[in-house]
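Notes follow once the structure below has been shown.
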Amino acid sequence: MQMREAHFPGRAPIEAYGNGGFRFADMSHRGSILCVQSGIYGWPVSAPGEVDVEALERVFDDADRPELLLLGTGRALVPPTPETRSACSAQGVRIEVMDTGAAVRTFNVLLAEQRSVAAALIAVE
């Protein structure tokens, strides 16, 4: 059996979140997700302390790098490390940190406005 990376090849609003996952594009994903221009990917981050430069590599490597990255850190707002903030700045990506619910709502609004936005969303129970 071949395991493939969880990936939805498009941009879509997040329809629901909670119970350890997300619903989007009439599908569901258990675990955290990373939403970039090239699609929505499963993201192997389960806690804010795991967010580092390596975890955000897909954001920086995407062909259409976003102007803004929304970081949803679970139920509470947890700031990223100074190194992570510096890496985002060096890549020309502004980072805004908020709880996952606020990040989902903000992402949906900015996506509807066709803004240059990505979202790194940690799943909540």
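Within region 84-91, the presence of a residue that is without any contact (Cβ under 8 Å) to a residue 60 or more places away in the chain, touching a strand residue (DSSP E or B) at 6+ places or on another chain (Cβ under 9 Å), within 19 Å of A12 (Cα to Cα) and not in a loop (DSSP other than H, G, I, E, B) is excluded.
Residues in region 1-23 that are in a strand (DSSP E or B) and modelled with pLDDT under 95: H7, F8. Scanning region 29-51 for residues that are in a loop (DSSP other than H, G, I, E, B) and either in contact with a Pro (Cβ under 8 Å, 6 or more places away or on another chain) or under 18 Å from A6 (Cβ atoms) (or both) turns up G31, Q37, S38, P44, V45, S46, V51. Of all residues in region 58-78, those satisfying the criterion of being surrounded by fewer than 13 Cβ atoms within 10 Å (Cβ to Cβ) and either of a type in the set (G, A, S) or under 25 Å from G18 (Cα atoms) (or both) are A63, R75, A76.
S38 meets the conditions (1) loosely packed, with under 14 Cβ neighbours inside 10 Å; (2) out of contact with any Gly (no Cβ under 7 Å at 6 or more places or on another chain); (3) at pLDDT below 95; (4) polar (S, T, N, Q) in every case but one. The failed one is (1).
For region 10-48, the candidate set comprises residues that are without any contact (Cβ under 8 Å) to a residue 24 or more places away in the chain and not hydrophobic (A, V, I, L, M, F, W, C); within that set, the residue that is farthest from A120 (Cα to Cα) is D26.
The values are calculated or read from the model by the stated rules, or taken from the named source; none is laboratory data. Quick caveat: nothing in here was measured; it's all calculated off a predicted structure. Positions of Cβ are generated from backbone atoms using ideal geometry, with glycine treated the same way; all protein chains shown enter the neighbour counts.
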